[in-house]
Amino acid sequence: MHIHFIAIGGSAMHNLAIALHKKGYQITGSDDEIFEPSRSRLDSYGLLPQQQGWQPELITDQIDAIILGMHAHPDNPELKRAQELGLKIYSYPEYLYEQTKDKTRVVIGGSHGKTSITSMVMHVLKSNQIDFDYMVGAKLDGFETMVSLKKETRIAVFEGDEYLSSPIDRRPKFHLYHPHIALLSGIAWDHINVFPTFDNYVEQFRIFASQVEENGSLIYFEGDENLQQIARQVRQDVTAIGYREHESTVEDGVTYLNYGDRRIRLQVFGDHNLQNIAGAKHICDQLGLTDEQFYRAMTSFKGAARRLETLAETNNCTVFYDFAHSPSKLKATTAAVKKQFSNRKLVAVMELHTYSSLKKEFLPQYQGCMDEADEAYVFFNPKTIAHKRLAPISEEEVAGAFASEGLQVFTDPEALLQQLREKDWEHQNLLIMTSGNFSGQDLKALAIEVTGNPVRFQQQNNWLKHPDGMIS
């Protein structure tokens with residue numbers, strides 16, 4: 001089976017290419033630019049294109065299928081050649097379905113939390129020696145790639161992104177998976193370049209829910225009014241299961257799940273993670289795992305990369321990094337860190353980097369989302385706005401939109417980082433939130449400079465407090 005990838009360097013695309021290569025397929029690909037870590041990872045498997053750029057001469061009738069990435073344009077010369085030859089052209093979500101249509105598909109969607117919930121389910125399955133296919137949007141400990149497809153597996157776990165599938169397939173990715181077990185974590189308007197109104201955005205989740213397979217289940221966060229309405233409208237053969245956050249206790253900066261008379265120590269924290277855990281638990285219930293299997297596995301779950309990741313720490317200062325960029329994510333992440341470390345001041349820093357976040361009409365959505373922080377800073381790069389061909393925004397407009405007392409706005413990343421370096425970090429935490437990198441700044445180096453220490457994870461042996469030691 002010969003599969004050719006157009007725009008092989010994308011995050012999901014190169015992971016899918018590696019997964020199919022490991023499955024025994026012949027893989028070729030091309031791209032006009034491939035960045036790290038995609039370049040090194042493709043090279044290590046012998047899949048890195050020999051030359052940069054589009055090469056329509058590579059497209060022949062000997063290719064069994066084309067997988068088209070979002071980075072390519074509709075007039076891509078390789079795509080045009082494939083269309084002329086009548087080759088089968090897939091988006092990557094379409095091909096994931098093609099590979100798993102005879103398996104039990106679990107799909108986790110929502111505006112926030114989907115990567116974390118997917119990661120939790122994957123961690124529980126792996127911890128219990130259950131093999132499965134998967135696709136997740138972050139690098140996870142214990143998983144070599146972000147995509148895996150095998151012949152002998154019977155379960156597929158996919159993170160269900162609502163963004164478009166390919167340049168020629170304008171359907172949201174999660175519309176192509178047709179889950180047996182679906183989860184929706186919440187709806188908060190995003191991707192406004194594609195979904196211009198909130199109602200239009202919500203409709204995509206309603207369509208997703210309507211595509212649950214016969215006699216399947218829809219698990220949903222019942223604290224979301226839009227999801228409540230969607231759950232009421234599912235077909236009669238679909239079981240709707242609501243959840244809220246898992247019961248818990250916080251002691252000395254550590255969160256414990258309450259499970260009967262047991263308290264189960266976690267390495268993650270925050271109300272949003274407690275919601276995610278409750279959702280993941282329902283998925284694992286549907287897959288037939290026991291409570292013991294679930295809770296034992298969750299004690300070793302450290303979270304997904306770039307989701308409240310600890311960059312550096314001392315006894316009285318921790319630097320966190322989070323992928324948060326939308327208003328709902330900023331609010332949840334800021335509140336989580338403040339609640340977990342109520343005895344420390346919180347300095348929260350975020351970068352406006354995505355198309356939606358830099359659009360002047362969307363800025364008011366950020367009102368009050370960093371109010372939990374004791375000090376708040378926002379950075380944006382006017383060059384990024386120009387590159388995305390958006391209307392200019394001013395520092396005053398950004399500050400007015402966030403409407404947090406004392407919030408400071410920067411357009412010079414060096415000036416922002418210098419101000420952070422000069423602070424006294426005793427009994428303070430630093431929370432850095434972005435889907436970018438503050439215009440090329442080394443955030444890990446900043447974290448080590450602020451604390452004087454690289455991150456140190458210590459193995460916790462007393463993860464479960466239980467009176468009779470039934471689990472250890």
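The values are calculated or read from the model by the stated rules, or taken from the named source; none is laboratory data. What you see is a predicted model; the values in this text were computed from it and never measured. Here the Cβ positions follow ideal geometry from the backbone for every residue, glycine too, while neighbour counts run over all protein chains shown.
Could you tell me which residue of region 426-442 is farthest from residue 351 (Cα to Cα), considering only residues that are surrounded by fewer than 21 Cβ atoms within 10 Å (Cβ to Cβ) and in contact with a strand residue (DSSP E or B) (Cβ under 6 Å, 6 or more places away or on another chain)?
Our first condition is that a residue be surrounded by fewer than 21 Cβ atoms within 10 Å (Cβ to Cβ); within region 426-442, this holds for 426-428, 435-437, 439-442.
Of the ones still in play, those that are also in contact with a strand residue (DSSP E or B) (Cβ under 6 Å, 6 or more places away or on another chain) are 428, 436.
Values: 428: 20, 436: 7 Å.
Checking each candidate, the answer is 428.
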Original post:
Of the residues 304, 280, which is assigned by TED's automatic domain parsing to the domain that holds residue 143, among the small types (Gly, Ala, Ser) and buried (at least 16 other Cβ atoms within 10 Å of the Cβ)?
Top reply: 280
Original post:
In region 104-124, is there at least one residue being modelled with pLDDT of 95 or more, assigned by TED's automatic domain parsing to the domain that holds residue 272 and surrounded by fewer than 18 Cβ atoms within 10 Å (Cβ to Cβ)?
Top reply: no
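Take residue 36 and decide whether it is free of Cβ contacts under 8 Å to residues at least 12 places away in the same chain and not polar (S, T, N, Q).
Values: free of Cβ contacts under 8 Å to residues at least 12 places away in the same chain: yes; not polar (S, T, N, Q): yes.
Answer is yes for this residue.
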Subject >> Residue under evaluation residue 181, criteria (1) at pLDDT 95 or above; (2) surrounded by fewer than 19 Cβ atoms within 10 Å (Cβ to Cβ), criterion not met >> reply: (2)
**OP:** Please verify whether region 397-404 includes one or more residues that are surrounded by fewer than 19 Cβ atoms within 10 Å (Cβ to Cβ), assigned by TED's automatic domain parsing to the domain that holds residue 443, on the phi < 0 side of the Ramachandran plot and of a type in the set (A, V, I, L, M, F, W, C).
**Re:** yes
Original post:
So which residues in region 310-357 are surrounded by fewer than 22 Cβ atoms within 10 Å (Cβ to Cβ) and without any contact (Cβ under 8 Å) to a residue 40 or more places away in the chain, if there are any at all?
Top reply: 315, 338, 342
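Tell me, yes or no, whether region 406-418 has at least one residue that is hydroxyl-bearing (Ser, Thr, Tyr) and outside any loop (DSSP other than H, G, I, E, B). Spell out how you get there, then give the answer.
The first filter runs over region 406-418 and keeps only residues hydroxyl-bearing (Ser, Thr, Tyr), leaving 411.
Checking the rest, the ones that are also outside any loop (DSSP other than H, G, I, E, B) come to none.
No, region 406-418 contains no residue that is hydroxyl-bearing (Ser, Thr, Tyr) and outside any loop (DSSP other than H, G, I, E, B).
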**OP:** Determine the pairs where a residue that is under 15 Å from residue 233 (Cα atoms), located within region 197-216, has a partner that is surrounded by 15 or more Cβ atoms within 10 Å (Cβ to Cβ) and of a type in the set (S, T, N, Q) with Cβ atoms under 6 Å apart, the partner being 6 or more residues away or on another chain.
**Re:** 202/226
Original post:
Consider residue 254 against the criteria (1) out of contact with any His (no Cβ under 8 Å at 6 or more places or on another chain); (2) modelled with pLDDT of 95 or more: it satisfies all of them except one. Which criterion is unmet?
Top reply: (2)
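Yes/no per residue for (1) without any contact (Cβ under 8 Å) to a residue 24 or more places away in the chain; (2) in contact with an Asp or Glu (Cβ under 8 Å, 6 or more places away or on another chain); (3) surrounded by 21 or more Cβ atoms within 10 Å (Cβ to Cβ):
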residue	(1), (2), (3)
376	no, no, yes
380	no, yes, yes
390	no, no, no
395	yes, no, no
412	yes, no, no
420	no, no, no
424	yes, no, no
**OP:** Just give me the residues in region 178-198 being assigned to a loop (DSSP other than H, G, I, E, B) and over 18 Å from residue 360 (Cβ atoms), in sequence order.
**Re:** 178, 179, 180, 185, 186, 187, 188
Original post:
Which of the residues that make up region 119-133 are closer than 20 Å to residue 20 by Cβ and under 14 Å from the mean Cα position of the chain (by Cα)?
Top reply: 122
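Those residues that are of a type in the set (A, V, I, L, M), surrounded by fewer than 23 Cβ atoms within 10 Å (Cβ to Cβ) and touching a strand residue (DSSP E or B) at 6+ places or on another chain (Cβ under 8 Å), I need them from region 83-103; list them, please.
As a first pass, look at region 83-103 and keep what is of a type in the set (A, V, I, L, M): 85, 87, 89, 96.
After this cut, where a residue has to be surrounded by fewer than 23 Cβ atoms within 10 Å (Cβ to Cβ) as well, the list is 85, 87, 89.
Listed by number, the residues that qualify are 87, 89.
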Subject >> Residue that is surrounded by the most Cβ atoms within 10 Å (Cβ to Cβ), among those in region 1-38 that are of a type in the set (D, E, K, R) and under 22 Å from residue 79 (Cβ atoms) >> reply: 31
Original post:
Applying the selection to region 321-353, what residues are assigned to a helix (DSSP H, G or I) and among the small types (Gly, Ala, Ser)?
Top reply: 328, 332, 335, 336
